[in-house]
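Data block below; observations after.
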Amino acid sequence: MEPKRKVILTGDRPTGPLHLGHYTGALASRVRLQSQYRTYILIADLQALTDNTEHPEVVARAVWDVLLDNLAVGLDPEQVTFVLQSSVPELAELAQLYLNLVTLARLKRNPTVKAEMRQKGYLANVPAGFLCYPVSQAADITGFGADLVPVGEDQLPVVEQTREIVRRFNALYGETLVMPEAITPATGARLPGTDGSSKMGASLGNAINLSDRPEVVREKVMKMYTDPTRKRATDPGHVEGNPVFDYLDAFDPDQDGVADLKAAYRAGRIGDVSVKERLTDTLLKFLEPIRERRIRLEQGRRELREILLSGTAEGRQVVTRTLCKALAAVGLPSAAGAQAPSLAEVL
Ligand code: TRP
């Protein structure tokens, strides 16, 4: 018999179209791992709502963007299962069980939560739903029985908190939940923003989206931050900390050419504009097939809906099984018929 394939669960917060940073940080490895692991990709719309509470329409729209972007970069719906979080209410029930296993103080200390609270300026008025999102994420991860959780470095504390919950649950109620492990992209996978800040983010206004039209890509590249110390093209330029070169490192298949370009830049033999021209060409070559696939997929609305519908139905079965096990382990008497409503009504 074939050994059981290990399970990967990963997720995206649908807040808008995905960008190049998502590609280098997450999507590229998803594509690479999809045939090796049983992969579930959660479109975490409930989690997205924890910081878009006043703009649910943004989240609803972005569900389709996230699905399209994942498919357009090469995730194969025959291999991976896309699941819409809000249509799996059993996840919320698992989260409810886990809420008793963490303290408020621990949640407030979570470095990811702390950083995001600071970024959003919540101070003391943090919504409970936001503060507790790592618990809901623990439900996502354990609900699917994930062995591996590919995430960006910024999400490591969230997976660590999941591991604590699993340890606590299994110690209290008996070995029930699978202990997950995070996998993070290799160093250098984090792409800086077009403004040179350390992270590309849609909300930071410094992102190049996978679905950006060519003229938009060109414009964003031409406006990119380069080397502020350089006044003229004949001044020696800095390659380190210059995002234009970070992007060339990540996307240009001709790395020898990039090395020559860096040498010329350092020696003051080449101007910003020429380097940016090359980057524009490189990005367009990379992005055009993705964008074409996306446009084609977008026309097949029925198929898209079907991918999400059938994936969610399958995912829901997996999570329901975990929830039943967890409730049985806790030892609460069950009076549920375990009858799930038809998904077609929900989506
Ligand atoms: N919090 C993740 C992010 O912001 C998204 C996410 C939701 C996730 N549920 C998950 C990631 C489960 C991994 C596993 O990127």
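The values are calculated or read from the model by the stated rules, or taken from the named source; none is laboratory data. Remember, it's a predicted structure, so these values are computed and weren't measured experimentally. Glycine gets a Cβ as well: all are built from the backbone with ideal geometry, and neighbour counts include every protein chain shown. Side chains included, ligands, DNA and RNA excluded: accessible areas come from the protein's heavy atoms. Shrake-Rupley method; radii C 1.70, N 1.55, O 1.52, S 1.80 Å.
Data table
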| quantity | calculated |
| --- | --- |
| Condition met for Val178 (under 29 Å from Leu308 (Cβ atoms), out of contact with any Leu (no Cβ under 9 Å at 6 or more places or on another chain) and β-branched (Val, Ile, Thr)) | yes |
| Qualifying helices (runs of 4 or more DSSP H) (wholly inside the range 238-320; at least 2 residues being of a type in the set (Asp, Glu) and exposed (fewer than 14 other Cβ atoms within 10 Å of the Cβ)) | 255-266, 272-299 |
| First in the range 261-282 and closer than 14 Å to Arg232 by Cβ, second anywhere and among the charged types (D, E, K, R), Cβ under 6 Å, 6 or more apart | Gly268/Asp235 |
| Residues of the range 8-46 satisfying the condition of being open to solvent by 10 Å² or more (accessible area, probe 1.4 Å), in contact with a Ser or Thr (Cβ under 8 Å, 6 or more places away or on another chain) and within 13 Å of the ligand (Cβ to nearest atom) | Thr15, Ala26, Arg30, Tyr40, Asp45, Leu46 |
| Whichever residue in the range 82-121 is surrounded by fewer than 22 Cβ atoms within 10 Å (Cβ to Cβ) and hydroxyl-bearing (Ser, Thr, Tyr) and, among such residues, is nearest to Tyr40 (Cα to Cα) | Ser86 |
| Options Val83, Val151: the member that is of a type outside the set (Asp, Glu) and in contact with a Leu (Cβ under 7 Å, 6 or more places away or on another chain) | Val83 |
| Tyr122, sole failed condition from (1) in a helix (DSSP H, G or I); (2) farther than 30 Å from Ala329 by Cα | (1) |
| Test: Leu177 is away from the ligand (no atom under 14 Å from the Cβ) and surrounded by fewer than 17 Cβ atoms within 10 Å (Cβ to Cβ) | no |
| Test: residue in the range 255-262 that is at positive phi and not polar (S, T, N, Q) | no |
| Cβ pairs under 7 Å, 6+ apart, first in the range 73-87 and within 12 Å of Gln34 (Cα to Cα), second charged (D, E, K, R) and surrounded by fewer than 20 Cβ atoms within 10 Å (Cβ to Cβ) | Thr81/Glu314 |
| Test: residue in the range 100-121 that is away from the ligand (no atom under 11 Å from the Cβ) and in contact with a strand residue (DSSP E or B) (Cβ under 8 Å, 6 or more places away or on another chain) | no |
| Odd one out for Asp249 among (1) within 24 Å of the chain's Cα centre (by Cα); (2) without any contact (Cβ under 8 Å) to a residue 40 or more places away in the chain | (2) |
| The listed residue being modelled with pLDDT under 95, more than 17 Å from the chain's Cα centre (by Cα) and either within 16 Å of the ligand (Cβ to nearest atom) or more than 24 Å from Ala62 (Cα to Cα) (or both), out of Ser203, Ser197 | Ser197 |
